[in-house]
Amino acid sequence: MSLIRLRGIGKVYELGLARVTALKGVDLEVGDREFVTVMGASGSGKSTLMNIIGCLDRPSSGVYELDGRDVSRLTDSELAAIRNRKVGFVFQTFNLLPRVPSWRNVELPLVYSRVPAAERRTRAFAALGRVDLADRALHRPNELSGGQRQRVAIARALVNHPSIIFADEPTGNLDSRTGLSIMALFQRLHGEGATIIMVTHEMDIALHARRIIYLKDGRITGDERIKKPKHADKELSKMADLEEDELTEAIEKHS
Amino acid sequence: MNIEEGIRQSFDVLRANKARSLLTMLGINFGVLSLVAISIIGLSFRGFIGREMAKYGSEIMWVFANNRAYARGEPRTQLDGADVDYFRRTLPGLQYSTTFYYINARAVARGRGQSVSLFGVDTDYFQIFAASRRIAEGRALLPDDDLYRRPVCVVGPEIAGLLFGAEDPMGKRVSFLGRAFTVVGVTAPQESTFVSDGTDDTTIFVPQSFVAARIFGGREKRYYVLLLKFSDLPSVDNAVIRMENYLEKKYGLLRGEKRFRVMKFDTFIQIADNVLNIVSLLVLVISAISLLVGGLGIMNIMLVTVTERTQEIGMRMAVGARRRDVLSQFLIEAVVLCLLGGFIGAALGAVIAAVACTLLAWPFIFSLASVVIGLAVATAIGILFGLYPAWKASRLTPIEALRVEV
Ligand SMILES: Nc1ncnc2c1ncn2[C@@H]1O[C@H](COP(=O)(O)OP(=O)(O)OP(=O)(O)O)[C@@H](O)[C@H]1O
Ligand SMILES: [Mg+2]
């Protein structure tokens, strides 16, 4: 059975007299343990689709079943509970609280599911361990690099053991090397059993997933499995090798 | 969101915006400060009054010309000897009574002149004022001194110093009213006092007849004031009625007004208490206004906070915060801000009251109730004025909140 099942999902934004149709009858199924990338031109409706699947927003029409349950008619607080327990979000701009240490950012979802303080702390530290940031638990976001910040955000998305992780352009604010390290992390999490749905503009990044969905003008126009996904760890080690070479050699190799 | 978590987050925010938070609190600070200060000062004042009453005994009353009845410069009707005798003979429960005169005179001691104030007191003066006008050395004036016209006097400690320097004044002679008086007693330095009979540490007490002779010469003596002390309060109330009746029957009214005022110490205290009540009311109004202004300040800053932190609200909703979690978070922040302001205000208020009590030599009586009420009011203000911004924050949808650019 599919984890996610969309049937004729439409989304219309009403802007006074103007109406913007962001999604037009999207059908989509995503199974457990998939790693999906959503691609498409700017304004094609990628974020809109992600927000609906992530229960941040409601569709204007259509039926959305998450884990076999119709969520299009749920109340605000039922949706909040789903976001809390079933879904983990990673944003392009990280969205961390700037003035509190990493572990307190990571524990936030647990605060809203009423986990006792001591357990929250242990689980937040464990989640930071999974993204290799155990040693930065007491640092505040402004003491961390962009990639480290995004990893804190990923730890926050992981901490409540969600069924799906959503990432809207998680590498959009990072340089390509740091972006690759985030992909390496996603691939590892996917290997450990996570379901991941990610939006990106960059084909280089998209090719780390197992499936690409292409959106155009609010419709799905392409849906392909990737037979040979890129392996982020390998690319990274290649880049590391390159750094160890002499600069002149490296220039020669690349020109 | 549970309250503990809300409070922890409030302190994160407070730490991040120290100056702004402090400025926002000022109204609450001042409101609670004035509330607590006036409560403590009021209590201490009443405690002080209680102490004074205990010193004199509240069974004191006095009768004197009702100045309200007279035009400026119009001669007052005064009590005569017969009235005073009548009251002394007939009022039940009367323990002590005294009349007194007060004049300024020139005194000479050790060949040097000094202007002094003379108090011509009657028999029981030192009994009635035993507590406030203690004799430190020697003796008080006795009924016999007046009867036999002994030229003796009791001097205040300050005037004793002025007249005799470092020498012991006891048995020394000082001349005024045309004759030499022997010092037979020295009064103790006066403690701060609320009620005063007009005497102080520079007063010289002399048998009344010497002063009366200077004032009235050969004419019949009149009495400006008669002070009475009874054994119990019902006797005081009874005496008030009898004296008023007697005086009205004998002297009649002047243009519809009583010619004399009979004043109980109780009533006198009551008047002071009324003044305190009016002052308290004024301070409470000021306190209420500053709390209101403070509350509006809190509301304003909370609205700013909600706008500034829209992204954060969106993120919190994305990780599972329900509307009521957002509502309670901002409500708790407003209350913490107000309560902190309240604590600071209460502490400052208590300190100010303590300083005032020390300066006025009043007993400091801490009012826990006023602190509790002050903090409760601060909490209420926080809830009242924090509600709208918090509600506004909770009405955001996660998508709207996340999309806002700051
Ligand atoms: N809140 C909104 N109100 C009105 N129109 C909106 C709103 N959100 C999105 N849209 C419109 O819906 C369409 C799809 O927007 P969406 O953000 O999903 O695009 P996207 O594929 O994520 O683009 P990008 O790659 O630039 O992020 C756009 O035309 C956009 O203008
Ligand atoms: Mg987008």
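Out of the total accessible area of chain A (probe 1.4 Å, heavy atoms of protein only), what percent is carbon and sulfur? Within chain A, the accessible surface is 50 percent carbon and sulfur. Within the set A:46/A:228; A:227/A:253; A:24/A:46; B:172/B:221; A:46/A:216, which residue pairs have Cα atoms separated by over 19 Å? Long pairs (Cα-Cα over 19 Å): A:46/A:228; A:227/A:253; B:172/B:221.
Rounded to the nearest 20 debye, what is the charge dipole size of region B:91-137 about its Cα centre when +1 sits on each Lys and Arg Cβ and -1 on each Asp and Glu Cβ? It comes to approximately 340 debye. The charge dipole of the protein assembly as shown, taken about its Cα centre with unit charges on the Cβ atoms of Lys, Arg (+1), Asp and Glu (-1) only, comes to about 1500 debye.
Compactness check for the protein assembly as shown: Cα Rg over 2.2 N^0.38 Å is 1.72.
For chain B, set up a Gaussian network in which alpha carbons nearer than 10 Å are linked by springs, and say which option among B:19, B:188, B:160 fluctuates the most. Largest GNM mean-square fluctuation: B:19. Note on B:310-318: average number of Cβ atoms from other chains within 10 Å of each residue's Cβ is 6. In plain terms, chain B is cut at each of the GluC sites (Glu not before Pro) found in a DSSP loop with at most 13 other Cβ atoms within 10 Å, and the longest leftover piece is B:221-404. Rolling a 1.4 Å probe across the protein heavy atoms gives region B:258-406 an accessible surface of 47 Å² per residue. Note on residue B:134 and residue B:358: with the Förster distance fixed at 25 Å, the Cβ-Cβ geometry gives a FRET efficiency of about 0.60. The mean count of C-beta atoms from other chains within 10 Å of the C-beta of residues in B:341-350, rounded to a whole number, is 0. Shown are A:63, B:225, whose ranking by accessible area with a 1.4 Å probe and every protein chain present, most to least, is A:63, B:225. So what's the gap between the Cα centers of region B:379-393 and region B:272-338, to the nearest angstrom? Result: 6 Å between the Cα centres. The angle between the Cα long axis of helix B:265-308 and the main principal axis of chain B comes to about 20°, on a 0 to 90 degree scale.
Kindly express, to the nearest 10 degrees and within the range 0 to 90, the angle between helix B:81-90's C-alpha long axis and the longest C-alpha principal axis of chain B. Between helix and principal axis, roughly 70 degrees. Working note: 222 nm ellipticity from helices only, DSSP H runs with n ≥ 4, each -39,500 (n - 2.57), summed and divided by the residues of chain B, gives -19500 deg cm²/dmol to the nearest 500. For region B:104-216, a/c is less than 1.5, where a ≥ b ≥ c are the root eigenvalues of the C-alpha gyration tensor. That puts it in the rounded class. Remark: spin-label model distance residue B:266-residue B:127 equals 2.2 nm, labels positioned 7 Å along the Cα→Cβ axis.
When a/c is below 1.5 the answer is rounded, else prolate if a/b is larger than b/c, else oblate, so apply that to chain A with a ≥ b ≥ c taken from the square roots of the Cα gyration tensor eigenvalues. Oblate is the answer for chain A, as a/c is 1.5 or above yet b/c matches or exceeds a/b. The B-A contact accounts for roughly 2200 square angstrom of buried accessible surface, both chains included, probe 1.4 angstrom. So, in Å, what gap is there between the alpha-carbon centers of region A:176-255 and region B:26-47? Taking the Cα centre of each part, region A:176-255 and region B:26-47 sit 68 Å apart. When A:26, A:12 are compared by accessible surface with a 1.4 Å probe, the order from highest to lowest is A:12, A:26. Largest to smallest in accessible area, the residues B:99, B:77, B:267, A:93 fall in the order A:93, B:267, B:77, B:99 (1.4 Å probe, all protein chains included).
The values are calculated or read from the model by the stated rules, or taken from the named source; none is laboratory data. From a predicted model like this one, the values you see are computed outputs, not experimental measurements. Cβ atoms come from the backbone with ideal geometry, glycine included; neighbour counts cover every protein chain shown. The area values use the complete protein model at the heavy-atom level, side chains included, leaving out ligands, DNA and RNA. Shrake-Rupley method; radii C 1.70, N 1.55, O 1.52, S 1.80 Å.
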